[in-house]
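Input: a single structure, listed below in C-alpha cells.
The values are calculated or read from the model by the stated rules, or taken from the named source; none is laboratory data. These figures come from a predicted structure and were not determined experimentally. Because the Cβ atoms are built from the backbone with ideal geometry, glycine has one as well, and the counts that use them run over all protein chains shown.
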C-alpha cells in the first residue's frame, strides 16, 4: 500500500531525508553519468532524485500512482508531474530511454503489471533503475522513513523479479549504510558511513539498486507483455 504524500514530504524536509537524498542522488549519477538527449521518467515518488537530470536530459517527467496522489514538481516553472494508473501508463510504446522506480515497487499492489507497463514504454535499448528497501536493513524495519513501508527485497528476490518481468539485470548497487536515526553526530558523517559500509558492511545497506536493460526475448516462464493501443502524447512526453 502506498504511503500518504505527507509521509514523503515530512521525511524529505527532515535532516535525515536531506542526507538520504544526497547520497542516493550521488549513486544515481554514478550509474547514469550522462543522460544528454534522453527521455527520462521517475515513477513512484522519485522527484527528490530527478533534479540533477533536468536541463541535461531532453525530457524529465514524474509519474505518480493514483493511490498515492501527486505533488507539484518542480516548485518553479511548468509542472513535470502526472497522476497515473499503474496498470496503464499514459505513454505510447517505446518512448522512454530511462526509468527510475523509487518508492514504487515495494508499495505497489499491482507490481507485476507496473513492470509490464515500464517494459512497454521503454525503447528497445531502454534501461530501468529500481531503488527499493533492503529486507536485511534497519531502514526497512523503521516506519520513520518512507522506506519502511511495503515489501522490502533481498538481492536474490530483486534479481528474480526483474528477470521474470523481461529485464536483464546489468548492475547491482547499495546505498545508505548509516542507521535511520535523526542523530546529528551520525548524519554529520553520512559519507563516511558509505565509504566504510561499502568495505565492511556489504549486503546490509538500507537500499538496494538494480539497473536492468529491456530484454526483447522472454525467458522461459517469463511474463507476457501486453501491447497498449497508440494514444496521443501529452506535451511533456513529446519533449
Inset, instruction - Could you check residue 23 against (1) surrounded by fewer than 22 Cβ atoms within 10 Å (Cβ to Cβ); (2) at pLDDT 95 or above; (3) assigned to a helix (DSSP H, G or I); (4) touching a strand residue (DSSP E or B) at 6+ places or on another chain (Cβ under 6 Å) and say which number it fails? - result: (2)
Inset, instruction - State whether the residues of the range 98-118 include one that is surrounded by fewer than 22 Cβ atoms within 10 Å (Cβ to Cβ), under 22 Å from residue 29 (Cβ atoms) and modelled with pLDDT of 95 or more. - result: yes
Inset, instruction - May I ask you to list the residues in the range 29-47 that are crowded, with 22+ Cβ neighbours inside 10 Å and touching a helix residue (DSSP H, G or I) at 6+ places or on another chain (Cβ under 6 Å)? - result: 40, 45
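If I ask for residues that are more than 19 Å from residue 54 (Cβ to Cβ), part of a loop (DSSP other than H, G, I, E, B) and touching a strand residue (DSSP E or B) at 6+ places or on another chain (Cβ under 8 Å), which ones from the range 77-90 would you list?
Let us first name the residues in the range 77-90 that are more than 19 Å from residue 54 (Cβ to Cβ), namely 83-90.
So of that shortlist, the ones also part of a loop (DSSP other than H, G, I, E, B) come out as 86-87, 89-90.
Those that are more than 19 Å from residue 54 (Cβ to Cβ), part of a loop (DSSP other than H, G, I, E, B) and touching a strand residue (DSSP E or B) at 6+ places or on another chain (Cβ under 8 Å): 86, 89, 90.
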Inset, instruction - Looking at (1) touching a strand residue (DSSP E or B) at 6+ places or on another chain (Cβ under 8 Å); (2) under 28 Å from residue 33 (Cα atoms), find the lone condition where residue 120 falls short. - result: (1)
Legend entry - When residues of the range 58-72 are limited to those that are without any contact (Cβ under 8 Å) to a residue 40 or more places away in the chain and over 16 Å from the mean Cα position of the chain (by Cα), the one surrounded by the fewest Cβ atoms within 10 Å (Cβ to Cβ): 72
